[in-house]
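Colleague: Before anything else, here's the structure in question.
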Amino acid sequence: MKRFNSILSLIAGGMVCLTACLSVSSNDTARVVEERPFVPSMTVSPEVPLQVSFCGETIDLKRYNMYEGMDRELSAFTYYHSTTLLLLKRANRYFPVIEPILKANGIPDDFKYLAVIESHLDPSAVSPARAVGMWQLLESTAKEMKLNITPTVDERYHVQRSTEAACRYLKAAYAKYGNWVAVAASYNAGMGRISSEYTRQQVDAALDLWLVEETSRYVYRILAVKQIFGNPAKYGFIINNKDLYKPISCREVAVSNDIPDLVAYAKEQGITYADLKRFNPWLRDSKLNVDGKNMVLLIPDKQDMYYGNGNVPH
């Protein structure tokens, strides 16, 4: 209580000084800045829910480790201001692409938040372990999930294709565990690790396992992102519709022959090479070898690429 009163006194003293500063002439500005005491800013602990919903299942968070695990991730995302703001903005562009694919594959919509924590919704993300794309797939896993990887093409960077591949993994994991929390944990640790730890530790719930810190935090990070995305203002994020990153319409161009020069090709399509690569990040060279496959390139609508022309994010 004494410490609390001392803090109140410090704040009050700061307010008195601030009032005095406002009455000082401009000639005394330098002296005032030097004498003004530090006043601590307010940092509020985010409210931790006692239970949350994930993939239609209720997760009880009252147990100490689960409550504190959720508190850690909510606090991290709440005060990781610039990054969380960007995630909220990017979601407006990429969730409309991801959501229908999850639904078509029978994967709960909540798994879109897994993509958020995996890559920050960046299709070009690359981890130190060489996991790539929106869903952070390793090359070996990607090939198992039937993605095309060649010297000029890497479909891990393809938002739609990589989402379909992630769905194949998630469905296989659900067939093994029959529980979506375990599926989420296995996406980080691998099914082999989760299965072996179930056996070794003799528990039947993924959140009861003792795992490396990254995996232990993983599910709580997904749950925390879902909470914040569901009610940004509650966690201090005020975003107007105009602030969101708008989806940009594209026309699809079927390609069945090699393109030896993508710079020239982009120019023929009326866009820059840079924009061709941004909208087709799976192109990994300045040329495209189709290797007998039919491919589709996205060509952005030039009129839809600008803000401030009456174009408002959806």
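Colleague: Can you name the residue in the stretch 234-273 that is among the small types (G, A, S) and modelled with pLDDT of 95 or more and is also farthest from G292 (Cα to Cα) among such residues? Step through it out loud before you land on a result.
Modeller: First pass over the stretch 234-273, keeping only residues among the small types (G, A, S): 236, 249, 254, 256, 264, 266, 270.
Next, from what is left, pick out any that are modelled with pLDDT of 95 or more: 249, 254, 256, 264, 266, 270.
Numbers: S249: 28, A254: 13, S256: 7, A264: 22, A266: 21, G270: 26 Å.
So, considering only residues that are among the small types (G, A, S) and modelled with pLDDT of 95 or more, the one farthest from G292 (Cα to Cα) is S249.
Colleague: Moving on to the next point. Go through the stretch 201-213 and give me each residue that's crowded, with 16+ Cβ neighbours inside 10 Å and closer than 27 Å to R130 by Cβ. Quick ask: steps written out before the conclusion?
Modeller: Quick first cut of the stretch 201-213, residues crowded, with 16+ Cβ neighbours inside 10 Å only: 206-207, 209, 211.
Correct list: A206, L209, L211.
Colleague: Against the definition (in a loop (DSSP other than H, G, I, E, B) and either surrounded by 16 or more Cβ atoms within 10 Å (Cβ to Cβ) or in contact (Cβ under 8 Å) with a residue 24 or more places away in the chain (or both)), how does G308 come out, yes or no? Even if it seems obvious, please write down each step before you answer.
Modeller: Working: in a loop (DSSP other than H, G, I, E, B): yes; either surrounded by 16 or more Cβ atoms within 10 Å (Cβ to Cβ) or in contact (Cβ under 8 Å) with a residue 24 or more places away in the chain (or both): no.
So G308 does not fit the description; no.
Colleague: Related question: So which residues in the stretch 277-303 are in contact with a Pro (Cβ under 9 Å, 6 or more places away or on another chain) and either among the hydrophobic types (A, V, I, L, M, F, W, C) or at pLDDT below 95 (or both)?
Modeller: Matches in the stretch 277-303: F279, W282, L288.
Colleague: Then there is this: Would you confirm whether or not the stretch 120-131 contains a residue that is open to solvent by less than 30 Å² (accessible area, probe 1.4 Å) and over 23 Å from P247 (Cβ atoms)? Spell out the reasoning first.
Modeller: Quick first cut of the stretch 120-131, residues open to solvent by less than 30 Å² (accessible area, probe 1.4 Å) only: 121, 123, 125, 127, 131.
Pick out the ones that are also over 23 Å from P247 (Cβ atoms) and you get 127, 131.
There is at least one residue in the stretch 120-131 that is open to solvent by less than 30 Å² (accessible area, probe 1.4 Å) and over 23 Å from P247 (Cβ atoms).
Colleague: Restricting attention to the stretch 118-142, and to residues there that are assigned to a loop (DSSP other than H, G, I, E, B) and of a type in the set (A, V, I, L, M), which single residue is modelled with the lowest pLDDT? Give the steps one after another, and end with the answer.
Modeller: Step one: of the stretch 118-142, the residues assigned to a loop (DSSP other than H, G, I, E, B) are 120-125, 127-131, 133-136, 138.
In the following step, the residues that additionally are of a type in the set (A, V, I, L, M) were identified as 121, 125, 129, 131, 134, 138.
Details: L121: 98, A125: 97, A129: 93, A131: 96, M134: 97, L138: 96.
That would be A129.
Colleague: Just give me the residues in the stretch 288-305 being assigned to a loop (DSSP other than H, G, I, E, B) and aliphatic (A, V, I, L, M), in sequence order. Spell out how you get there, then give the answer.
Modeller: Here is the first cut: in the stretch 288-305, the ones assigned to a loop (DSSP other than H, G, I, E, B) are 289-294, 301, 305.
V290, M305, listed by residue number.
Colleague: Do we find a residue being more than 14 Å from the chain's Cα centre (by Cα), at pLDDT below 95 and of a type in the set (A, V, I, L, M, F, W, C) anywhere in the stretch 101-117? Outline the logic, then answer.
Modeller: Restricting attention to the stretch 101-117, the residues satisfying the condition of being more than 14 Å from the chain's Cα centre (by Cα) are 101-109.
Next, only the ones that are at pLDDT below 95 stay: none.
Checked against the condition, which is being more than 14 Å from the chain's Cα centre (by Cα), at pLDDT below 95 and of a type in the set (A, V, I, L, M, F, W, C), the stretch 101-117 yields no hits at all.
Colleague: Given the condition open to solvent by less than 50 Å² (accessible area, probe 1.4 Å) and either in a loop (DSSP other than H, G, I, E, B) or touching a residue at least 40 places away in the same chain (Cβ under 8 Å) (or both), answer yes or no: does some residue in the stretch 193-200 qualify? Let's see the steps before the verdict.
Modeller: Taking the stretch 193-200 and keeping what is open to solvent by less than 50 Å² (accessible area, probe 1.4 Å), we get 194-195, 197-198.
Next, only the ones that are either in a loop (DSSP other than H, G, I, E, B) or touching a residue at least 40 places away in the same chain (Cβ under 8 Å) (or both) stay: none.
Checked against the condition, which is being open to solvent by less than 50 Å² (accessible area, probe 1.4 Å) and either in a loop (DSSP other than H, G, I, E, B) or touching a residue at least 40 places away in the same chain (Cβ under 8 Å) (or both), the stretch 193-200 yields no hits at all.
Quick grid of which residues meet (1) over 24 Å from E213 (Cα atoms); (2) assigned to a loop (DSSP other than H, G, I, E, B); (3) open to solvent by 70 Å² or more (accessible area, probe 1.4 Å); (4) touching a residue at least 24 places away in the same chain (Cβ under 8 Å):
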{"site": "E68", "(1), (2), (3), (4)": "no, no, yes, no"}
{"site": "D71", "(1), (2), (3), (4)": "no, no, no, yes"}
{"site": "L85", "(1), (2), (3), (4)": "yes, no, no, yes"}
{"site": "N92", "(1), (2), (3), (4)": "yes, no, no, yes"}
{"site": "I98", "(1), (2), (3), (4)": "yes, no, no, yes"}
{"site": "A115", "(1), (2), (3), (4)": "no, no, no, yes"}
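Colleague: OK, next. Within the stretch 237-266, count every residue that is open to solvent by 60 Å² or more (accessible area, probe 1.4 Å) and not basic (K, R).
Modeller: Here is the first cut: in the stretch 237-266, the ones open to solvent by 60 Å² or more (accessible area, probe 1.4 Å) are 238, 240-242, 245, 251-252, 254, 256-258, 260-261, 263.
Next, from what is left, pick out any that are not basic (K, R): 238, 240-241, 245, 252, 254, 256-258, 260-261, 263.
So the answer is 12.
Colleague: Identify all residues within the stretch 56-66 that are surrounded by fewer than 18 Cβ atoms within 10 Å (Cβ to Cβ) and either touching a residue at least 40 places away in the same chain (Cβ under 8 Å) or not charged (D, E, K, R) (or both); write none if there are none. Quick ask: steps written out before the conclusion?
Modeller: Here is the first cut: in the stretch 56-66, the ones surrounded by fewer than 18 Cβ atoms within 10 Å (Cβ to Cβ) are 56-58, 60, 62-65.
Within the stretch 56-66, G56, E57, T58, Y64, N65 qualify.
The values are calculated or read from the model by the stated rules, or taken from the named source; none is laboratory data. Remember, predicted model here, so these are calculated numbers, not experimental data. Virtual Cβ from ideal backbone geometry, glycine too; neighbours counted across all protein chains shown. The protein model used for the area step is the full one, side chains on, heavy atoms only, and it has no ligands, DNA or RNA in it. Shrake-Rupley method; radii C 1.70, N 1.55, O 1.52, S 1.80 Å.
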